[in-house]
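Read the structure below first, then the notes.
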Amino acid sequence: MKQNPLKRKRNDEINEETLVLMTMHKEDDEHEHTKPSPPSWEILCLVGPYMDPESLAVASCVSATWSKCFSSEDLWKLLPATRHSIFYKAITKEETTKPAWLSYKRLISEAESAAKRRRNNQPAEPKISLSDLVFIVHVSAGSKEAVVVKQGKDLMFGSYERFQIEADVSDSGFTADMKDVSMSWNVVLRNYERMFLISESVKKSLDSKIGWFTDELPATKNRYCDGSNLVGEVKPSFNEEVLDKVVFAIADSRNWKSLFVDDVLRYLQCFLIE
C-alpha cells in the first residue's frame, strides 16, 4: 500500500522535533550535573589574613599548595600584632630579639600554647554566688550575746575584691576589758538547705584591741578549690572602749592575705553543694 506523502512528511517533522527536544534535555542534564571548576588556589591567600592561628596551621597541612599559601611568613607576621602584642613589640623594637632561624609561625605557635596553658590553669567559675548564701555571726561573753545575720545578696563585692563580713555589735555592750569573748561564723545555703560552720567559737580577750587568726579551717581539695592552709581572720574595731564591729575574713596562712570573693565561694561550695 502506498503511504500518503503528507502523513510521511508529518512523521518526519515529529521525529526531528523529538530529536531536538532530546538533545536539549541531554544538554540540560549535562549542565545540571557538571561540577563548577574549583577557584584558583591563589584565591585562598586572600582568606588567610582573616583566619585564626589554629585554622591556619590546619590549612597548611592539607596539601603542598595549601602549605605554600598558609605558611607564608608575611601572613604569620601579621598575627603577633593583633593576638600577642607584647611579643610583637619586643620583636619589632630590636631586630636581634628574634633569631633568624625562628619563623613567625613557630613564634605564634609557642605563644598560643602558652596562652592555652594559662587558660587551663585558671580555676573554674564558682558554682554558687553570694546571693545563694546567708552568713551568721555569733558573739557572746557571759550574759551578753549578739547574733548578726548578713544576707549575701546585700553584700557588695566585685569578683576581684577581697572578701570580708562586717558585723555590727555596737548595741550588745561588749567592752575592751572582757576576757572570755567567744565568736563563731556560720554560712547557710538557700533556705537552710545546707549549713557549714566556718570557724568554731574560740574564747579571746579583747583587752589588746587587736585582731587574730583562728586555727586552720576545715581543709578540702578537689578540682574546684584548694582549701588547705586556710585560717579565719578576726578584726575587732572599737568606739572608745565599746566593741563596735567585728570583721571576719578567710586568709591563706602561706602569705597571710585574705582571699578574693570567688576564692571564698569556691571554698564554701565544697561543703555546701559537693
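The values are calculated or read from the model by the stated rules, or taken from the named source; none is laboratory data. Since we're looking at a predicted model, the values are computed, not measured. FYI the Cβ positions are ideal-geometry reconstructions off the backbone, even for glycines, and counts take in every protein chain you see.
In table form, for the structure just shown:
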{"read-out": "Residue within the stretch 231-240 that is assigned by TED's automatic domain parsing to the domain that holds Asp262, of a type outside the set (S, T, N, Q) and out of contact with any strand residue (DSSP E or B) (no Cβ under 8 Å at 6 or more places or on another chain) present", "value": "yes"}
{"read-out": "Which listed residue, of Val242, Val202, Val181, is aliphatic (A, V, I, L, M) and surrounded by 15 or more Cβ atoms within 10 Å (Cβ to Cβ)", "value": "Val181"}
{"read-out": "Within the stretch 134-204, strands (runs of 3 or more DSSP E) holding 2 or more residues that are outside the structural domain of Asp262 (by TED's automatic domain parsing), within 14 Å of Val246 (Cα to Cα) and touching a residue at least 40 places away in the same chain (Cβ under 8 Å)", "value": "none"}
{"read-out": "Residue within the stretch 250-266 that is part of a strand (DSSP E or B), in contact with a Gly (Cβ under 9 Å, 6 or more places away or on another chain) and closer than 20 Å to Glu145 by Cβ present", "value": "no"}
{"read-out": "Condition broken by Arg117, with the remaining ones in (1) at pLDDT 90 or above; (2) not assigned by TED's automatic domain parsing to the domain that holds Arg266 satisfied", "value": "(1)"}
